[in-house]
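Novice: Provided herewith is a single structure, encoded as structure tokens, for subsequent inquiry.
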Amino acid sequence: MRGSITSRVTRLALGLTVSLCALISIQSAQADVIFNFNQTGPTNLVSFGPGDNWDPAGAKGSTRFDGRLIVTDEQYINGFSFDYRNSVLPNDPGLPAYLSSLPDLRFTFTYTPWDEVVAVLDNQFLLVSGNSLASGGDGYTFSSGPFGQNFTGSVISSQSGSRFSLTLSNGRFEASYGDDNAFRGDCSSATCVVGGRVVVTGPRPVPEPATLVLLGTALTGLGLVRRRRIKSDTH
């Protein structure tokens, strides 16, 4: 009787171990790592450039910046290099498939007095040319060594009066944005300039499937040893 119970327990433990291995393998394949662009200081306001009559020297804005770049865990572990340039027109029939194949990249500017997102800068904004703009010079590049080491990059985009640029080095970034065609909080009357650092977040570490296999094998072995002991005690 004891041997029968031990055998059932052993088979159950082995079955659970195999199921856990399969589940963790699936979860690992779908895991993402996020490079978060977090603003760490005030938003500075500067004039658009030569010829602009408004020059708020030393002015501080109420627009908050944040961003994210999402990569797979495999890209994070092995390193990656992205280099995409402005070369697609809105009427391109392959546009949806093209955009869905790109890294998940998104920057936002939020006007804090109203808590309103006034600008979303994603792959559509950064890479898709306007009907009268197809210079091919705008776009972005990001690269990283294994485990996020030496994460660097740059972004530049000019779309119908909106100008956005970002430079990244040694985990810190500087970005600027202005829009002179529509009301966009601070960034419609000046260029918003921000700085900050990149913080990497991702899934919690989980046991390797191989580790669980070893654990299951050990449990099976203990069960067999226990079964043999019971048999020898009965003889």
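The values are calculated or read from the model by the stated rules, or taken from the named source; none is laboratory data. As the structure is a prediction and not an experimental result, all values here were calculated from the model. When we count neighbours, we look across all protein chains shown, and the Cβ atoms used for this are built from the backbone with ideal geometry, even at glycine. Please note that ligands, DNA and RNA were not included when accessible areas were found on the heavy atoms of the full protein model with its side chains. Shrake-Rupley method; radii C 1.70, N 1.55, O 1.52, S 1.80 Å.
Novice: Would you say Ala182 is modelled with pLDDT under 70 and either within 30 Å of the chain's Cα centre (by Cα) or open to solvent by less than 80 Å² (accessible area, probe 1.4 Å) (or both)? Full working, then the answer.
Specialist: Working: modelled with pLDDT under 70: yes; either within 30 Å of the chain's Cα centre (by Cα) or open to solvent by less than 80 Å² (accessible area, probe 1.4 Å) (or both): yes.
Here the answer is yes, as Ala182 does meet what is asked.
Novice: Can you name the strands (runs of 3 or more DSSP E) wholly within the range 1-83 that have at least 3 residues being open to solvent by less than 50 Å² (accessible area, probe 1.4 Å) and at pLDDT 50 or above? Outline the logic, then answer.
Specialist: Details: elements: 32-39, 43-46, 63-72.
Of the strands (runs of 3 or more DSSP E) lying wholly inside the range 1-83, those with at least 3 residues that are open to solvent by less than 50 Å² (accessible area, probe 1.4 Å) and at pLDDT 50 or above span 32-39, 63-72.
Novice: Could you identify the single residue in Thr220, Thr167, Thr191 that is surrounded by fewer than 16 Cβ atoms within 10 Å (Cβ to Cβ), modelled with pLDDT of 75 or more and not aliphatic (A, V, I, L, M)? Break it down stepwise before answering.
Specialist: Values: Thr220 fails: modelled with pLDDT of 75 or more; Thr191 fails: surrounded by fewer than 16 Cβ atoms within 10 Å (Cβ to Cβ).
Just a single option satisfies the conditions, and that option is Thr167.
Residues are listed down the side, and each one gets a yes or a no for (1) buried (at least 20 other Cβ atoms within 10 Å of the Cβ); (2) farther than 29 Å from Ser62 by Cα; (3) modelled with pLDDT under 75:
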residue	(1), (2), (3)
Tyr111	yes, no, no
Gly137	no, yes, yes
Ser144	yes, yes, no
Ser154	no, no, no
Ser158	no, no, no
Pro203	no, yes, yes
Leu215	no, yes, yes
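Residues checked against (1) closer than 21 Å to Ser143 by Cβ; (2) assigned to a helix (DSSP H, G or I); (3) without any contact (Cβ under 8 Å) to a residue 24 or more places away in the chain; (4) of a type in the set (Gly, Ala, Ser):
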position: Pro90; (1), (2), (3), (4): no, no, no, no
position: Pro96; (1), (2), (3), (4): no, yes, yes, no
position: Leu102; (1), (2), (3), (4): yes, no, no, no
position: Leu105; (1), (2), (3), (4): yes, no, no, no
position: Thr108; (1), (2), (3), (4): no, no, no, no
position: Pro113; (1), (2), (3), (4): no, no, no, no
position: Val117; (1), (2), (3), (4): no, no, yes, no
position: Leu121; (1), (2), (3), (4): yes, no, no, no
position: Leu126; (1), (2), (3), (4): yes, yes, no, no
